[in-house]
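For reference, the structure discussed in these notes is given below.
The values are calculated or read from the model by the stated rules, or taken from the named source; none is laboratory data. Everything numeric here is computed off the predicted structure, so don't read it as measured data. All Cβ positions, glycine included, derive from the backbone under ideal geometry; neighbour counts span all protein chains shown. Heavy atoms of the whole protein, side chains included, go into the accessibility calculation; ligands, DNA and RNA do not. Shrake-Rupley method; radii C 1.70, N 1.55, O 1.52, S 1.80 Å.
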Amino acid sequence: MPTHVLEAEDADMERIFEIGSLAFARAEPLWDVFWPKHWEEAGRKQGAERMRETRRRDHTTKYMKAVDPETGAIMGFAKWNVYDAKNNIPAAPEPVANYWDQGDDREYSAIVGELFVKERNQAVRENGGNLVSLDICAIDPKYQRKGVGGELVKWGTRKADEMDVVAVVESSVFGKGLYEKHGYVFVKDVVVRGPGKWSERPEGQFAWLVRPRKA
């Protein structure tokens with residue numbers, strides 16, 4: 001369907017976060033870990049504010065929205081991280097806030113968060129600090145399977161080609177076909193499991209895909 005891809009603004013974040021919550025529902029254990037109570041009104045409000053704060057403090061972050069040109073409805077979004085060694089400005093520290101009911105929930109989120117981006121951080125180093133990474137891609141269920149996700153992916157692949165860099169994605173295991181259509185190559189499945197006392201917590205998993213530099 002016709003889709004315009006535009007950079008999201010702060011005012012869009014309530015809708016952006018709502019889409020993420022609707023798309024992942026309760027089917028992605030790590031989404032529940034990173035975004036506590038995202039299925040409740042209070043959790044969604046907190047999530048939207050955290051996304052706004054990330055957009056402000058992290059210069060690598062680009063939230064892109066997929067908009068229906070006829071209605072103006074936001075149908076989906078992607079969170080891209082564009083790493084450019086020439087403009088390597090460290091992100092400002094994340095504000096100290098506790099969005100988790102239990103202190104150990106916050107600690108667990110931080111631990112598995114580091115494990116989740118391990119492959120990405122290694123890719124940044126291996127590519128000299130120049131990389132385009134798709135962190136989140138979510139489509140409102142009522143707009144899924146209409147080509148919206150593909151348009152959001154194209155934004156990032158065009159950016160990677162423009163910069164002449166590699167692009168990467170931590171895809172859901174079932175969603176990797178979308179990325180393969182756009183030049184990504186499946187490398188491996190990754191299981192994210194907390195160590196030690198966290199080992200009994202629900203684990204996450206993703207497919208690690210890499211799109212080589214344009215020949």
Residue range of the chain that is longest and free of GluC sites (Glu not before Pro) which are both DSSP loop and sparsely packed (at most 16 other C-beta within 10 Å): 71-199
Percent breakdown of C-alpha pair distances by 5 Å bin, ordered from the shortest bin, for the stretch 155-215: 4, 18, 23, 17, 14, 10, 7, 5, 2, 0
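Taking every DSSP beta bridge that has both residues in the chain, what percent is antiparallel when rounded to the nearest 5?
Working: 31 of 34 bridges.
If I count the DSSP bridges inside the chain, around 90 percent turn out antiparallel.
So which chymotrypsin sites (Phe, Trp or Tyr not before Pro) in the stretch 69-167 end up in coil per DSSP with only 16 or fewer other C-beta atoms within 10 Å? Spell out each step's value before the answer.
Values: sites: 77, 80, 83, 99, 100, 108, 116, 143, 155; in loops: 99, 100.
In loop regions of the stretch 69-167 (DSSP not H, G, I, E or B), the sparsely surrounded chymotrypsin sites (Phe, Trp or Tyr not before Pro) are 100.
Taking square-rooted eigenvalues a ≥ b ≥ c of the alpha carbon gyration tensor, is the stretch 91-215 rounded, prolate or oblate, where a/c under 1.5 means rounded and, failing that, a/b exceeding b/c means prolate? Please report the intermediate quantities before stating the final value.
Numbers: a/c = 1.81, a/b = 1.52, b/c = 1.19.
Note, shape of the stretch 91-215 comes out prolate.
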Full-extension gain in nm, residue 84 to residue 45, via 0.36 nm per residue minus C-alpha separation: 10.9 nm
Hull volume in cubic angstrom per residue (convex hull over the Cα atoms of the chain): 129
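A 18 angstrom limit on the alpha carbon distance is what I want to check against. Which of 154/181; 154/214; 65/176; 37/65 exceed it?
Result: 65/176; 37/65 exceed 18 Å.
For the stretch 46-160, what is the accessible area per residue in Å², given a 1.4 Å probe and the full set of protein chains?
Values: 5730 Å² over 115 residues.
Accessible area per residue, the stretch 46-160: 50 Å².
Relative to the Cα centre, what is the charge dipole magnitude of the stretch 4-211, using +1 at the beta carbon of each Lys and Arg, -1 at the beta carbon of each Asp and Glu, and rounding to the nearest 20 debye? Please list the in-between numbers first.
Numbers: 31 positive and 35 negative charges, 80 e Å.
In debye, rounded to 20, the stretch 4-211 gives about 380.
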Options 209, 191, 168, ranked by Cα towards positive dipole end of the stretch 161-212, top entry (Cβ charges): 191
Residue 189 versus residue 1: modelled label distance in nm, points set 7 Å from Cα along the beta carbon direction: 3.2
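How large is the helix-only mean residue ellipticity at 222 nm for the chain, computed as the sum of -39500 (n - 2.57) over DSSP H runs with n ≥ 4, divided by its residue count, in deg cm²/dmol to the nearest 500? Spell out each step's value before the answer.
Working: 7 runs with 79 residues, N = 215.
Value at 222 nm, helices only, nearest 500: -11000 deg cm²/dmol.
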Rel. contact order, % - alpha carbon contacts under 8 angstrom, at least six apart, the chain: 21
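How much of the accessible area of the chain, in percent, comes from carbon and sulfur atoms when a 1.4 Å probe is used? Present the calculation step by step, with values, prior to reporting the outcome.
Details: 5620 of 11390 Å².
Carbon and sulfur atoms account for 49 percent of the accessible area of the chain.
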Net lengthening on full extension, residue 203/residue 26 (0.36 nm per residue, minus Cα-Cα): 62.4 nm
